[in-house]
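Structure first, commentary second.
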């Protein structure tokens, strides 16, 4: 199966959503399909529906954004683009809250 068709160049990875996705649990239910829980409500993600990822949450459906549920599923899949953004998030958090010497 190919990687999910997400235009990260156009949409990017929102680091706030990425941070929130780290609190979620993505349970694989099939090829590219996940049940994502841990927030206010559980959601279903399909990374390959009609060649674009889909989630049943309002953030994805109404705002047409890469939501935290899709990001959680992509992390579970080991998507390099999201892992790269995770490294960026860690660097940002380190710079925001440097450890006391």
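The values are calculated or read from the model by the stated rules, or taken from the named source; none is laboratory data. None of these values were measured; they are calculated from a predicted model. Note that we place each Cβ from the backbone using ideal geometry, even for glycine, and neighbour counts take in every protein chain shown.
Let's see how each residue does on (1) at pLDDT 95 or above; (2) over 12 Å from the mean Cα position of the chain (by Cα); (3) part of a strand (DSSP E or B):
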site: 36; (1), (2), (3): yes, no, yes
site: 39; (1), (2), (3): no, yes, no
site: 76; (1), (2), (3): no, no, no
site: 86; (1), (2), (3): no, no, no
site: 94; (1), (2), (3): no, yes, no
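Taken together, the criteria place residue 74 among residues that are surrounded by 15 or more Cβ atoms within 10 Å (Cβ to Cβ) and either touching a residue at least 24 places away in the same chain (Cβ under 8 Å) or in contact with a strand residue (DSSP E or B) (Cβ under 8 Å, 6 or more places away or on another chain) (or both).
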